[in-house]
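See structure below.
The values are calculated or read from the model by the stated rules, or taken from the named source; none is laboratory data. Predicted, not measured: the structure shown is a model, and the values here were computed from it. Cβ sites come from the backbone with ideal geometry, for glycine too, and all protein chains shown count toward neighbours.
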Amino acid sequence: MQRRAPLIALLIATSLIAPASHAVTLLEGLFGKTEYTPPKTGDKLYEANEFDIVRLTATDAPGNQHPVQISAEQLKATLADIELKTGDSKSLPLFTEDELTVLSAPISYGFSKASPGQDITFMTTDRHGALGLLAPKLGTSGRMFIKDNRLHVIIGDAHVEYQAQYRMTGFKRNFSMGDRQTASKVTLQLNRQAQSVGSQQVRNDWVALSLQQPTATVQTTANTVAPNPPNSANGKAPQPVVVSTPVVAPSPTITPRENRSVEDRLRSLQSLRDKNLISDDEYRQKRIDILKDL
(Lines give C-alpha, C1' and ligand atoms only; values in the text may rest on other atoms or scores of the structure.)
Protein backbone atom coordinates (compact mmCIF):
# COMPACT_ATOMS: atom_id res chain seq x y z
CA MET A 1 0.00 0.00 0.00
CA GLN A 2 2.90 2.36 0.71
CA ARG A 3 4.10 2.01 -2.87
CA ARG A 4 0.71 3.02 -4.21
CA ALA A 5 0.50 6.31 -2.33
CA PRO A 6 3.18 8.29 -4.26
CA LEU A 7 1.81 7.10 -7.59
CA ILE A 8 -1.77 8.02 -6.74
CA ALA A 9 -0.65 11.38 -5.33
CA LEU A 10 1.26 12.12 -8.54
CA LEU A 11 -1.78 11.18 -10.58
CA ILE A 12 -4.07 13.50 -8.60
CA ALA A 13 -1.60 16.38 -8.90
CA THR A 14 -1.22 16.04 -12.64
CA SER A 15 -4.96 15.76 -13.16
CA LEU A 16 -5.42 19.12 -11.44
CA ILE A 17 -2.92 20.97 -13.63
CA ALA A 18 -3.72 19.32 -16.97
CA PRO A 19 -5.40 21.59 -19.55
CA ALA A 20 -8.87 21.01 -20.98
CA SER A 21 -8.88 18.90 -24.12
CA HIS A 22 -11.02 17.71 -26.99
CA ALA A 23 -11.53 14.16 -28.20
CA VAL A 24 -9.95 13.14 -31.51
CA THR A 25 -9.75 9.90 -33.42
CA LEU A 26 -6.18 8.90 -32.54
CA LEU A 27 -5.48 7.17 -29.18
CA GLU A 28 -2.20 5.88 -27.88
CA GLY A 29 -1.66 2.14 -27.52
CA LEU A 30 -2.53 2.02 -23.83
CA PHE A 31 -5.40 -0.41 -23.99
CA GLY A 32 -4.88 -2.36 -27.18
CA LYS A 33 -4.64 -1.69 -30.89
CA THR A 34 -4.44 1.91 -32.07
CA GLU A 35 -5.50 2.86 -35.57
CA TYR A 36 -4.61 5.94 -37.58
CA THR A 37 -7.39 7.51 -39.62
CA PRO A 38 -5.94 9.00 -42.83
CA PRO A 39 -7.25 12.39 -43.98
CA LYS A 40 -9.75 12.41 -46.82
CA THR A 41 -8.14 15.34 -48.65
CA GLY A 42 -5.30 17.83 -48.38
CA ASP A 43 -1.64 17.68 -47.40
CA LYS A 44 -2.19 17.72 -43.64
CA LEU A 45 -1.59 14.15 -42.49
CA TYR A 46 -2.09 14.64 -38.74
CA GLU A 47 -2.82 17.50 -36.34
CA ALA A 48 -3.42 17.14 -32.61
CA ASN A 49 -2.86 20.85 -31.91
CA GLU A 50 -0.82 23.71 -33.34
CA PHE A 51 2.42 22.20 -32.00
CA ASP A 52 1.91 18.56 -33.04
CA ILE A 53 1.52 18.37 -36.81
CA VAL A 54 2.57 16.14 -39.73
CA ARG A 55 2.09 17.29 -43.33
CA LEU A 56 3.22 16.88 -46.94
CA THR A 57 5.30 19.85 -48.11
CA ALA A 58 6.66 20.81 -51.53
CA THR A 59 10.45 20.59 -51.76
CA ASP A 60 12.89 22.57 -53.88
CA ALA A 61 14.95 19.41 -54.44
CA PRO A 62 12.77 17.00 -56.46
CA GLY A 63 13.87 13.45 -57.06
CA ASN A 64 12.68 11.75 -53.89
CA GLN A 65 11.90 8.04 -54.04
CA HIS A 66 8.20 8.62 -53.53
CA PRO A 67 5.62 7.20 -53.30
CA VAL A 68 6.92 4.33 -51.23
CA GLN A 69 5.39 1.82 -48.83
CA ILE A 70 6.96 1.62 -45.36
CA SER A 71 5.06 0.17 -42.42
CA ALA A 72 4.47 2.21 -39.27
CA GLU A 73 6.27 -0.47 -37.27
CA GLN A 74 9.35 -0.25 -39.47
CA LEU A 75 9.40 3.55 -39.25
CA LYS A 76 9.03 3.46 -35.48
CA ALA A 77 11.95 1.07 -35.07
CA THR A 78 14.15 3.01 -37.50
CA LEU A 79 13.50 6.46 -36.02
CA ALA A 80 14.28 5.12 -32.54
CA ASP A 81 17.94 4.86 -33.63
CA ILE A 82 18.40 8.65 -33.75
CA GLU A 83 19.98 10.33 -30.73
CA LEU A 84 20.49 13.99 -29.80
CA LYS A 85 23.87 15.08 -28.47
CA THR A 86 23.40 17.29 -25.42
CA GLY A 87 27.01 18.18 -24.64
CA ASP A 88 29.74 16.63 -22.49
CA SER A 89 29.64 13.57 -24.76
CA LYS A 90 26.14 12.78 -23.52
CA SER A 91 23.14 11.92 -25.66
CA LEU A 92 19.52 10.87 -25.35
CA PRO A 93 16.89 9.58 -27.78
CA LEU A 94 15.62 12.27 -30.14
CA PHE A 95 12.04 10.97 -29.88
CA THR A 96 10.18 9.53 -26.90
CA GLU A 97 8.23 6.29 -27.16
CA ASP A 98 4.99 8.27 -27.29
CA GLU A 99 6.28 10.54 -30.06
CA LEU A 100 7.34 7.54 -32.12
CA THR A 101 3.93 5.93 -31.69
CA VAL A 102 2.07 9.07 -32.72
CA LEU A 103 4.34 10.01 -35.64
CA SER A 104 4.92 6.63 -37.28
CA ALA A 105 1.43 6.01 -38.71
CA PRO A 106 0.82 9.41 -40.41
CA ILE A 107 4.38 9.45 -41.77
CA SER A 108 3.93 5.92 -43.13
CA TYR A 109 0.71 6.96 -44.83
CA GLY A 110 2.32 10.17 -46.09
CA PHE A 111 5.13 8.30 -47.83
CA SER A 112 2.57 6.13 -49.65
CA LYS A 113 0.91 9.29 -51.02
CA ALA A 114 3.87 11.65 -51.51
CA SER A 115 5.17 12.64 -54.94
CA PRO A 116 8.89 12.86 -55.81
CA GLY A 117 8.62 16.61 -55.26
CA GLN A 118 7.30 16.40 -51.70
CA ASP A 119 8.87 15.98 -48.26
CA ILE A 120 7.12 15.15 -45.00
CA THR A 121 7.53 17.90 -42.39
CA PHE A 122 6.59 17.53 -38.75
CA MET A 123 6.43 19.13 -35.33
CA THR A 124 6.16 17.03 -32.18
CA THR A 125 6.19 17.76 -28.45
CA ASP A 126 6.73 15.69 -25.33
CA ARG A 127 8.53 15.62 -21.98
CA HIS A 128 12.10 14.32 -22.01
CA GLY A 129 14.51 13.27 -19.31
CA ALA A 130 14.28 11.78 -15.84
CA LEU A 131 11.81 14.32 -14.41
CA GLY A 132 8.94 12.82 -16.36
CA LEU A 133 5.68 14.68 -15.77
CA LEU A 134 7.53 17.43 -13.89
CA ALA A 135 9.65 18.28 -16.93
CA PRO A 136 8.53 20.97 -19.41
CA LYS A 137 7.27 19.89 -22.79
CA LEU A 138 9.89 20.32 -25.50
CA GLY A 139 9.39 20.73 -29.23
CA THR A 140 11.19 19.00 -32.10
CA SER A 141 10.72 19.73 -35.81
CA GLY A 142 12.17 18.68 -39.13
CA ARG A 143 11.61 16.94 -42.45
CA MET A 144 11.86 13.41 -43.85
CA PHE A 145 12.16 11.93 -47.32
CA ILE A 146 13.21 8.68 -48.99
CA LYS A 147 16.14 8.66 -51.41
CA ASP A 148 18.50 5.87 -52.49
CA ASN A 149 16.52 3.43 -50.32
CA ARG A 150 17.35 5.41 -47.18
CA LEU A 151 15.16 7.38 -44.81
CA HIS A 152 16.64 10.87 -44.66
CA VAL A 153 15.84 12.92 -41.55
CA ILE A 154 16.85 16.60 -41.22
CA ILE A 155 16.15 18.26 -37.87
CA GLY A 156 15.67 22.03 -37.63
CA ASP A 157 14.95 22.31 -33.89
CA ALA A 158 15.30 19.68 -31.18
CA HIS A 159 14.05 19.60 -27.58
CA VAL A 160 13.23 23.33 -27.55
CA GLU A 161 11.24 24.87 -24.69
CA TYR A 162 8.33 26.77 -26.25
CA GLN A 163 5.49 26.93 -23.72
CA ALA A 164 6.75 29.84 -21.60
CA GLN A 165 6.83 32.28 -24.51
CA TYR A 166 3.47 31.09 -25.77
CA ARG A 167 1.80 31.45 -22.37
CA MET A 168 3.27 34.89 -21.64
CA THR A 169 2.84 36.52 -25.06
CA GLY A 170 0.43 34.34 -27.01
CA PHE A 171 2.96 34.20 -29.84
CA LYS A 172 3.89 30.81 -31.21
CA ARG A 173 7.58 30.01 -31.55
CA ASN A 174 8.70 29.69 -35.16
CA PHE A 175 10.05 26.15 -35.49
CA SER A 176 12.47 25.29 -38.31
CA MET A 177 11.62 22.33 -40.52
CA GLY A 178 15.24 21.72 -41.50
CA ASP A 179 16.97 22.64 -44.75
CA ARG A 180 19.00 20.68 -47.30
CA GLN A 181 21.24 23.67 -48.02
CA THR A 182 21.87 25.12 -44.56
CA ALA A 183 22.62 23.14 -41.41
CA SER A 184 20.86 23.92 -38.15
CA LYS A 185 22.56 24.02 -34.75
CA VAL A 186 21.18 20.59 -33.85
CA THR A 187 23.75 17.81 -33.45
CA LEU A 188 22.48 14.29 -34.03
CA GLN A 189 24.18 10.94 -33.75
CA LEU A 190 23.28 7.35 -34.56
CA ASN A 191 23.22 4.58 -32.00
CA ARG A 192 25.26 1.41 -32.47
CA GLN A 193 22.31 -0.48 -33.92
CA ALA A 194 21.95 2.06 -36.74
CA GLN A 195 25.67 2.11 -37.43
CA SER A 196 25.80 -1.68 -37.63
CA VAL A 197 23.24 -1.77 -40.48
CA GLY A 198 24.91 0.94 -42.55
CA SER A 199 23.05 4.11 -41.55
CA GLN A 200 25.06 7.26 -42.17
CA GLN A 201 25.56 10.73 -40.73
CA VAL A 202 25.24 13.18 -43.64
CA ARG A 203 25.60 16.37 -41.60
CA ASN A 204 25.41 17.38 -37.96
CA ASP A 205 21.61 17.77 -38.30
CA TRP A 206 21.03 15.19 -41.05
CA VAL A 207 21.05 11.39 -40.95
CA ALA A 208 20.34 8.81 -43.65
CA LEU A 209 18.87 5.69 -42.07
CA SER A 210 19.22 2.27 -43.63
CA LEU A 211 15.80 0.63 -43.70
CA GLN A 212 15.81 -2.78 -42.03
CA GLN A 213 13.53 -4.26 -44.65
CA PRO A 214 13.41 -3.42 -48.38
CA THR A 215 10.90 -0.75 -49.30
CA ALA A 216 8.41 -1.34 -52.08
CA THR A 217 7.57 1.59 -54.31
CA VAL A 218 3.83 2.16 -54.45
CA GLN A 219 2.62 2.29 -58.05
CA THR A 220 -0.54 4.13 -58.93
CA THR A 221 -1.40 1.54 -61.59
CA ALA A 222 -0.87 -2.17 -62.08
CA ASN A 223 -0.40 -3.46 -65.61
CA THR A 224 -2.20 -6.57 -66.79
CA VAL A 225 -2.08 -8.08 -70.27
CA ALA A 226 -5.29 -8.73 -72.15
CA PRO A 227 -5.12 -10.97 -75.25
CA ASN A 228 -6.08 -9.72 -78.72
CA PRO A 229 -8.43 -11.69 -80.94
CA PRO A 230 -6.63 -14.65 -82.54
CA ASN A 231 -6.75 -13.17 -86.05
CA SER A 232 -5.78 -9.65 -87.12
CA ALA A 233 -6.84 -7.84 -90.28
CA ASN A 234 -3.31 -7.32 -91.65
CA GLY A 235 -2.21 -10.88 -91.04
CA LYS A 236 0.46 -9.93 -88.48
CA ALA A 237 0.81 -11.63 -85.15
CA PRO A 238 -1.45 -10.00 -82.54
CA GLN A 239 0.17 -7.74 -79.96
CA PRO A 240 -0.87 -7.80 -76.29
CA VAL A 241 -2.90 -4.89 -74.94
CA VAL A 242 -1.79 -3.40 -71.62
CA VAL A 243 -4.66 -2.52 -69.30
CA SER A 244 -4.06 -0.37 -66.20
CA THR A 245 -6.01 -0.92 -63.01
CA PRO A 246 -5.69 1.17 -59.83
CA VAL A 247 -3.83 -0.22 -56.84
CA VAL A 248 -4.77 1.14 -53.43
CA ALA A 249 -2.02 1.27 -50.80
CA PRO A 250 -3.22 -0.19 -47.49
CA SER A 251 -3.57 2.14 -44.53
CA PRO A 252 -0.89 1.52 -41.91
CA THR A 253 -1.86 0.53 -38.38
CA ILE A 254 0.02 0.60 -35.13
CA THR A 255 0.46 -2.63 -33.24
CA PRO A 256 -0.46 -2.66 -29.56
CA ARG A 257 2.09 -1.96 -26.90
CA GLU A 258 2.01 -4.79 -24.37
CA ASN A 259 3.40 -5.45 -20.92
CA ARG A 260 3.75 -1.79 -20.02
CA SER A 261 4.07 -0.81 -16.39
CA VAL A 262 1.30 1.11 -14.67
CA GLU A 263 3.54 4.15 -14.37
CA ASP A 264 4.38 4.10 -18.09
CA ARG A 265 0.71 3.87 -18.97
CA LEU A 266 -0.11 6.78 -16.67
CA ARG A 267 2.61 8.90 -18.24
CA SER A 268 1.34 8.09 -21.72
CA LEU A 269 -2.22 8.87 -20.68
CA GLN A 270 -1.12 12.25 -19.33
CA SER A 271 0.77 12.91 -22.56
CA LEU A 272 -2.40 12.19 -24.53
CA ARG A 273 -4.32 14.70 -22.48
CA ASP A 274 -1.60 17.34 -22.84
CA LYS A 275 -1.71 16.89 -26.61
CA ASN A 276 -5.53 17.22 -26.71
CA LEU A 277 -5.94 13.66 -27.95
CA ILE A 278 -8.57 12.61 -25.39
CA SER A 279 -11.38 14.37 -23.55
CA ASP A 280 -11.54 14.95 -19.80
CA ASP A 281 -14.11 12.17 -19.42
CA GLU A 282 -11.93 9.73 -21.37
CA TYR A 283 -8.91 10.70 -19.29
CA ARG A 284 -10.72 10.06 -16.00
CA GLN A 285 -12.15 6.72 -17.16
CA LYS A 286 -8.81 5.44 -18.51
CA ARG A 287 -7.10 6.57 -15.30
CA ILE A 288 -9.51 4.46 -13.28
CA ASP A 289 -8.91 1.48 -15.59
CA ILE A 290 -5.14 1.75 -15.16
CA LEU A 291 -5.32 2.04 -11.37
CA LYS A 292 -7.28 -1.20 -11.22
CA ASP A 293 -4.07 -2.98 -12.24
CA LEU A 294 -2.21 -1.80 -9.12
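See the values below:
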read-out: Close pairs (6 angstrom Cβ cut-off, 6 or more residues apart or separate chains): outside the structural domain of Ser108 (by TED's automatic domain parsing) in the stretch 199-211, in a strand (DSSP E or B) anywhere; value: none
read-out: Criterion (over 24 Å from the mean Cα position of the chain (by Cα) and either acidic (Asp, Glu) or modelled with pLDDT under 95 (or both)) met by exactly one of Val248, Val218, Val197, Val225; value: Val225
read-out: Filter result (at pLDDT below 95 and either assigned to a loop (DSSP other than H, G, I, E, B) or farther than 16 Å from His128 by Cα (or both)) within the stretch 86-106; value: Asp88, Ser89
read-out: Within the stretch 126-192, strands (runs of 3 or more DSSP E) holding 3 or more residues that are within 26 Å of Tyr109 (Cα to Cα), free of Cβ contacts under 8 Å to residues at least 40 places away in the same chain and outside the structural domain of Arg273 (by TED's automatic domain parsing); value: 137-147
read-out: Residues within the stretch 64-82 that are of a type in the set (A, V, I, L, M, F, W, C), surrounded by fewer than 20 Cβ atoms within 10 Å (Cβ to Cβ) and outside any loop (DSSP other than H, G, I, E, B), tallied; value: 1
read-out: Count of residues meeting criterion [surrounded by 19 or more Cβ atoms within 10 Å (Cβ to Cβ) and at pLDDT 90 or above] in the stretch 25-52; value: 5
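Residue by residue, here is whether (1) over 13 Å from the mean Cα position of the chain (by Cα); (2) within 19 Å of Asp179 (Cα to Cα); (3) assigned to a loop (DSSP other than H, G, I, E, B) holds:
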{"position": "Pro62", "(1), (2), (3)": "yes, yes, yes"}
{"position": "Leu84", "(1), (2), (3)": "yes, yes, no"}
{"position": "Ser108", "(1), (2), (3)": "no, no, no"}
{"position": "Ser115", "(1), (2), (3)": "yes, yes, yes"}
